[in-house]
Structure formats: C-alpha cells, structure tokens
C-alpha cells in the first residue's frame with residue numbers, strides 16, 4: 001500500500017468494522033477522527049467517559065447505531081472500564097482521549113487485569129506516508145523502549161514483520177538503522193544487527209529480508225546505496241526500519257512530520273488488542289490514520 005487512502009479503501013472493500021473503546025474522547029481531534037472513521041464505515045465507537053461532554057457530537061445524531069455511551073466522570077475509572085470491555089470481547093481497539101498516558105498505561109500494564117500478557121514486549125509501531133517516498137514506511141520504537149535489549153529487538157521484529165504481512169507485504173524489506181554500515185565493537189547495536197541478520201536467515205522472524213547495520217540513506221535510497229558502493233538485498237527500498245534507540249526513532253518521527261510533511265499513524269504493540277496512544281501535538285488526521293492502522297492490524 002502506497003498511502004493511507006489505500007488502507008481505508010482496503011478496510012471498506014473488505015467490509016471491516018471494528019469496535020473502538022475511546023477513553024474520555026472530549027477533545028476536538030478525537031471527535032474529528034472518529035467522525036471520519038464512522039462516516040467511512042469501518043468503526044463503531046464506545047464512548048467511555050463523561051457523556052454530557054460528548055453526546056452532542058453531530059456524528060452521533062447522524063449515525064446513532066454506531067455509538068454507545070458509558071457515562072463515567074473519572075478518567076482512571078473510565079480507563080479501567082474500557083480495558084474491561086476488551087476482556088469481555090465487547091471492544092476490539094482501545095483509544096486514548098484526554099487522559100494522562102501514564103495513568104492509562106498503569107491500567108494497561110496491571111499484572112492481573114491489564115492487557116499485556118506475560119512474556120510479551122510492549123513497544124510502539126509508527127507508520128509514515130512521506131511525500132518523497134514511494135510507499136508507506138513502518139518504523140519502531142519512537143515512544144516506549146529507551147534502549148531495547150537484544151531480546152526486545154527480536155520481539156519488535158516479530159511484531160513489525162507480522163504487521164507488514166497484514167498490509168500485503170509477503171516478504172517485507174526491513175532495515176536495522178544505524179549511523180554507519182560498519183560492524184564495530186565500539187557500537188554494540190552494530191553487533192546486534194549482525195546477529196539479528198544471521199538469525200533471520202534461519203527463519204527466526206518468518207518471511208522477511210532483513211539487513212543491517214545500514215544508515216538511513218542506504219536503507220531508503222537505491223541511488224545512495226549505489227553511490228556508496230553498498231550491496232544490500234534491500235536495494236534502498238526498505239518497507240520498515242528498526243532504530244537503535246528511542247532518541248533516534250523519535251527524532252525521525254518528528255523530523256519527517258515537521259519537515260517532510262508526512263502523514264503519520266501509531267499503535268502500541270504486544271498487547272491483547274491494538275492501543276492508540278497519540279501525542280497531544282498529533283493532528284486529527286494522525287488519530288484517524290491510527291484508527292485505520294489499528295483496524296487493519298487487529
């Protein structure tokens with residue numbers, strides 16, 4: 001898929017409709033995002049939070065069968081109720097509105113009643129539609145894990161490859177992004193890249209072409225790879241990027257958004273269901289794209 005429009009077209013053609021539990025969706029960006037998704041027909045929404053602040057949204061009078069209300073004034077209680085809806089099979093996707101991310105994560109990560117199974121790794125997947133790149137680009141982790149361990153990177157690769165498959169990429173091209181293509185003991189991540197590439201050749205991550213360490217140019221530009229004389233099976237056409245740390249991934253996220261005019265989407269991965277946790281600075285379009293991403297990956 002080359003853009004988010006194709007994602008939405010796929011949802012509509014497949015007649016996919018998911019139930020989104022939106023926690024305290026009292027902000028204008030959440031209203032705009034769910035309104036667009038309801039109108040396109042790929043979600044129903046359960047508004048968990050203060051009913052008086054959301055029941056007048058125009059979309060609900062236009063599509064009354066696409067909304068339910070659970071009236072809870074306290075945000076923490078609303079989060080607990082939304083998580084319970086997931087456990088009960090009454091909702092498919094969790095979405096953050098106006099609630100502190102730390103508060104929501106405390107509920108999601110509760111060992112007894114939360115949504116992260118034992119042994120799973122909580123991480124964050126981003127998806128970018130960059131005007132100067134020929135197709136959608138996945139990357140992680142820009143929001144959760146500061147410095148992933150080797151075991152965490154293995155889990156992240158598993159989530160990423162599985163998501164790529166759901167997007168129709170039978171053999172996704174994944175780059176382990178570093179600042180250089182050289183393996184050097186001074187940079188432990190480069191050694192991990194080398195090990196992960198060897199593991200991928202034994203089928204550890206399923207159907208995938210994995211290469212690294214690669215810098216961003218050689219991962220995403222065949223011209224740059226040719227100029228530098230870098231031979232890579234990715235051929236400068238990466239579908240997905242795994243960054244060394246949260247610093248590099250987060251800077252990349254904000255750079256392509258601010259300077260590259262990219263459209264974005266993002267989800268928490270590893271949990272029992274997709275969880276949409278966007279930043280306060282993210283646009284309504286990003287929230288809408290994230291809903292579409294969640295619906296296709298569920």
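Does residue 295 meet the test of being farther than 15 Å from residue 160 by Cα and in the same structural domain as residue 82 (by TED's automatic domain parsing)?
When the stated conditions are applied, residue 295 passes them.
Give me the residue from the range 226-273 that is crowded, with 19+ Cβ neighbours inside 10 Å and more than 20 Å from residue 174 (Cβ to Cβ) and, out of that set, modelled with the lowest pLDDT.
Looking at residues that are crowded, with 19+ Cβ neighbours inside 10 Å and more than 20 Å from residue 174 (Cβ to Cβ), I get 257.
Just to verify a result, which residue in the range 258-278, among those that are touching a residue at least 12 places away in the same chain (Cβ under 8 Å) and out of contact with any helix residue (DSSP H, G or I) (no Cβ under 7 Å at 6 or more places or on another chain), is nearest to residue 159 (Cα to Cα)?
268
Only one of (1) part of a loop (DSSP other than H, G, I, E, B); (2) modelled with pLDDT of 95 or more; (3) more than 30 Å from residue 158 (Cα to Cα) fails for residue 77. Which number is that?
Failed condition: (1).
So how many residues does the range 225-243 have that are assigned to a helix (DSSP H, G or I) and over 20 Å from residue 132 (Cβ atoms)?
0
Just to be sure before I move on: is residue 20 closer than 27 Å to residue 240 by Cα, in a strand (DSSP E or B), within 22 Å of the chain's Cα centre (by Cα) and assigned by TED's automatic domain parsing to the domain that holds residue 110 in the structure I sent?
Against the criterion (closer than 27 Å to residue 240 by Cα, in a strand (DSSP E or B), within 22 Å of the chain's Cα centre (by Cα) and assigned by TED's automatic domain parsing to the domain that holds residue 110), residue 20 qualifies.
If you take the residues in the range 80-97 that are outside any helix (DSSP H, G or I) and under 19 Å from the mean Cα position of the chain (by Cα), which one is surrounded by the fewest Cβ atoms within 10 Å (Cβ to Cβ)?
Per the criteria, the residue is 92.
Condition check ((1) under 29 Å from residue 166 (Cβ atoms); (2) assigned to a helix (DSSP H, G or I)) across all residues:
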residue: 184; (1), (2): no, no
residue: 193; (1), (2): yes, yes
residue: 203; (1), (2): yes, no
residue: 211; (1), (2): yes, no
residue: 223; (1), (2): no, yes
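Yes or no, residue by residue, for (1) modelled with pLDDT of 95 or more; (2) touching a strand residue (DSSP E or B) at 6+ places or on another chain (Cβ under 9 Å); (3) surrounded by 21 or more Cβ atoms within 10 Å (Cβ to Cβ):
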position	(1), (2), (3)
134	no, no, no
139	yes, yes, yes
152	yes, yes, no
156	yes, yes, yes
160	yes, yes, yes
166	no, no, no
172	yes, yes, yes
175	yes, yes, yes
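So which residues in the range 254-298 are in a helix (DSSP H, G or I) and under 12 Å from the mean Cα position of the chain (by Cα)?
The answer is 286, 287, 289, 290, 291, 292, 293, 294, 295, 296, 297.
Pull up the range 98-115, narrow it to residues that are out of contact with any strand residue (DSSP E or B) (no Cβ under 9 Å at 6 or more places or on another chain) and not in a helix (DSSP H, G or I), then point me to the one that is surrounded by the most Cβ atoms within 10 Å (Cβ to Cβ).
The extreme case among them is 114.
I need the full set of residues from the range 129-179 which are in a helix (DSSP H, G or I), over 17 Å from residue 196 (Cα atoms) and more than 12 Å from the chain's Cα centre (by Cα), in order please.
165, 166, listed by residue number.
The values are calculated or read from the model by the stated rules, or taken from the named source; none is laboratory data. In this text the structure is predicted, and so the values were computed from the model without any measurement. Here Cβ is always computed from backbone atoms with ideal geometry, including for glycine, and neighbour counts include all displayed protein chains.
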